[in-house]
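Worksheet: the structure to be examined is printed underneath.
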Amino acid sequence: MIDRRGVVRYLAALGVAPLFRPLESFATPAELITRPIPSSGERIPAIGLGSWITFNVGDDTAARDACMEIIRAFLARGGRLIDSSPMYASSQATIGYAPTKLGRPQVFSADKVWTSSLAEGREQAEESRRFWGVPRFDLLEVHNLLAWEDHRPALFAMKKAGRLRYVGVTTSHGRRHAELETIMRRERLDFVQVTYNPSDREVEQRILPLARDRGMAVIINRPFQQGALIRRVERRPVPAWAREIDARSWAQVILKFIISHPAVTCAIPATTVIADARENVDAARGRLPDEELRSASFPTSRRRDVGLVDLPSL
């Protein structure tokens with residue numbers, strides 16, 4: 001559970017939404033930043049919702065209801081893309097549980113294939129679809145490149161048959177970038193998913209420019225390093241220059257840095273806190289850092305990690 005009370009002073013004013021609060025009761029500002037998917041031109045909000053760990057709650061009805069309220073707040077604020085994987089245990093079933101309570105709102109469903117067996121991959125994709133309760137996935141990606149060459153033909157066949165809209169591959173924790181680059185040069189993928197944040201910057205060198213050149217959408221995982229980045233800055237005041245990018249918290253500063261990169265399509269922070277779900281989506285509103293501010297406030301270094309201005313090295 002990510003607790004940002006030391007950073008986000010306005011959360012108390014927002015309060016916590018009661019269970020089963022009507023979706024229509026939240027105003028959705030129109031100025032949400034969206035990004036096009038290069039292969040189609042379809043636009044999606046620049047902030048999505050991850051489900052790693054946070055939605056793995058098993059059959060606990062109370063915990064599922066709490067996750068449903070996260071999804072409700074995310075959608076009501078204008079979010080759309082929700083990401084999961086068979087690796088995330090009960091997270092898929094939790095996501096599928098929410099729409100039964102929320103009236104089947106429109107989401108951009110992004111899931112993954114995670115098995116070394118081609119035959120099991122087909123079965124896994126269908127099982128995942130049943131968990132979600134959707135007629136088809138918007139996006140299926142090969143999770144962490146596991147047996148990607150085997151799964152590739154099946155996924156593209158699903159897309160051609162209209163049983164899938166987009167195909168992609170993923171990596172995380174900064175791993176296997178060389179292999180990912182080779183795949184990106186060889187294949188016509190719709191999406192790639194990588195780790196990127198002010199501390200993990202390796203993809204800036206080759207992966208993000210290549211995605212832009214090859215016309216591939218980019219989803220960013222681990223934007224907060226599973227909460228580690230927030231914990232490292234939460235006791236320090238949000239810098240004064242955050243006002244220049246309409247950021248009210250360190251979480252929004254970090255997310256705005258990520259989505260301000262021209263190759264990034266969507267970042268997918270996960271959370272267990274309703275107010276954080278709203279705050280995360282709101283990072284896709286207002287101004288973003290320009291190149292000058294990115295360079296001054298998020299300086300790169302020769303090391304894999306970098307430092308934020310006014311902070312000790314991350």
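A single entry from ILE220, ILE230 fulfils the requirement of being open to solvent by less than 10 Å² (accessible area, probe 1.4 Å) and more than 24 Å from ALA125 (Cα to Cα): ILE230.
Among the residues of the range 201-213, those identified as among the charged types (D, E, K, R) and touching a strand residue (DSSP E or B) at 6+ places or on another chain (Cβ under 9 Å) are GLU202, ARG212. On inspection, ARG212 does not qualify as within 21 Å of PRO299 (Cα to Cα) and at pLDDT 95 or above. Each residue in the range 238-287 was checked for being open to solvent by less than 10 Å² (accessible area, probe 1.4 Å) and free of Cβ contacts under 8 Å to residues at least 12 places away in the same chain, and 1 of them qualify. Checking each residue in the range 177-228 for being more than 24 Å from SER40 (Cα to Cα) and either touching a Lys or Arg at 6+ places or on another chain (Cβ under 6 Å) or of a type in the set (Lys, Arg) (or both) picks out ARG201, ARG222. Name the residue that is farthest from LEU49 (Cα to Cα), counting only residues in the range 193-235 that are part of a strand (DSSP E or B) and touching a residue at least 40 places away in the same chain (Cβ under 8 Å). So the residue we want is ALA217.
Quick check on my filter: what residues within the range 238-264 are part of a loop (DSSP other than H, G, I, E, B) and closer than 13 Å to PRO223 by Cβ? Across the range 238-264, the qualifying residues are SER260, HIS261, VAL264.
Do we have any residue at all in the range 278-293 that's assigned to a loop (DSSP other than H, G, I, E, B) and within 23 Å of ASP111 (Cβ to Cβ)? Checked against the condition, which is being assigned to a loop (DSSP other than H, G, I, E, B) and within 23 Å of ASP111 (Cβ to Cβ), the range 278-293 yields at least one hit.
If you go through the range 36-77 one residue at a time, how many are open to solvent by less than 10 Å² (accessible area, probe 1.4 Å) and under 17 Å from ILE220 (Cβ atoms)? Number satisfying all stated conditions: 9.
Among the residues of this structure, ALA66 does not count as one that is assigned to a helix (DSSP H, G or I) and either of a type in the set (Lys, Arg) or free of Cβ contacts under 8 Å to residues at least 40 places away in the same chain (or both). Selection over the range 174-200 of residues that are touching a Ser or Thr at 6+ places or on another chain (Cβ under 6 Å) and open to solvent by 10 Å² or more (accessible area, probe 1.4 Å) gives a count of 1. Of all residues in the range 105-158, those being surrounded by fewer than 19 Cβ atoms within 10 Å (Cβ to Cβ) and touching a residue at least 60 places away in the same chain (Cβ under 8 Å) number 1. Are any residues in the range 83-104 under 23 Å from ASP282 (Cβ atoms), touching a residue at least 60 places away in the same chain (Cβ under 8 Å) and not in a helix (DSSP H, G or I), and if so, which ones? Residue satisfying the conditions is ASP83 alone. Checked against (1) of a type in the set (A, V, I, L, M); (2) touching a strand residue (DSSP E or B) at 6+ places or on another chain (Cβ under 9 Å); (3) modelled with pLDDT under 95, ILE71 passes all but a single condition, namely (3). For the range 78-96, does any single residue satisfy the condition of being acidic (Asp, Glu), farther than 23 Å from ASN221 by Cα and either open to solvent by less than 20 Å² (accessible area, probe 1.4 Å) or out of contact with any Phe, Trp or Tyr (no Cβ under 7 Å at 6 or more places or on another chain) (or both)? No.
Checking each residue in the range 163-197 for being modelled with pLDDT under 95 and over 15 Å from LEU145 (Cα atoms) picks out no residue at all.
The values are calculated or read from the model by the stated rules, or taken from the named source; none is laboratory data. All figures in this text were calculated on a predicted structure; none of them were measured in a lab. Every residue, glycine as well, gets a Cβ built from its backbone with ideal geometry; the counts of neighbours run over all protein chains shown. Accessible surface is based on the protein model in full, side chains and every heavy atom, while ligands, DNA and RNA are left aside. Shrake-Rupley method; radii C 1.70, N 1.55, O 1.52, S 1.80 Å.
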